[in-house]
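*Asks:* Just passing along the structure, written as structure tokens.
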Amino acid sequence: MSAVAASGHLISKTAIPQSVALASTQAFQTGKSIAKLSVATLGVIGVVELTVGFLTGSFGLKANGVDSLSDSVITLIVSLGSS
């Protein structure tokens, strides 16, 4: 069975779910890769901010370091939960 698309071309009803599933799988894999990069980046930023904060005595840098590390942990938990 086929259907007419907005362009007037005939398309198979089974082709649509397969292409959507493929795009969804690729998007999910891309999201997982971005989450891993985000965890690593936020972790490094947090460690650097904490280190500089302790070396200079800056409470602002210490607070930002803790915030970055907590964001990294939250991103990790979410990415593990979506696996």
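The values are calculated or read from the model by the stated rules, or taken from the named source; none is laboratory data. Every value quoted in this text rests on a predicted model; they were computed, and no experiment measured them. Neighbour counts are summed over all protein chains in view; Cβ atoms, including those assigned to glycine, are modelled from backbone coordinates with ideal geometry.
*Asks:* How many residues does region 47-83 contain that are surrounded by 17 or more Cβ atoms within 10 Å (Cβ to Cβ) and of a type in the set (A, V, I, L, M, F, W, C)?
*Replies:* Of the residues in region 47-83, 4 are surrounded by 17 or more Cβ atoms within 10 Å (Cβ to Cβ) and of a type in the set (A, V, I, L, M, F, W, C).
Each row is one residue, and each column tells you yes or no for (1) farther than 23 Å from residue 28 by Cβ; (2) modelled with pLDDT under 95; (3) of a type in the set (S, T, N, Q).
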position: 50; (1), (2), (3): yes, no, no
position: 61; (1), (2), (3): yes, no, no
position: 73; (1), (2), (3): no, no, no
position: 83; (1), (2), (3): no, yes, yes
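*Asks:* Has region 25-46 got at least one residue that is touching a Phe, Trp or Tyr at 6+ places or on another chain (Cβ under 8 Å), at pLDDT 80 or above and surrounded by 14 or more Cβ atoms within 10 Å (Cβ to Cβ)?
*Replies:* No, region 25-46 contains no residue that is touching a Phe, Trp or Tyr at 6+ places or on another chain (Cβ under 8 Å), at pLDDT 80 or above and surrounded by 14 or more Cβ atoms within 10 Å (Cβ to Cβ).
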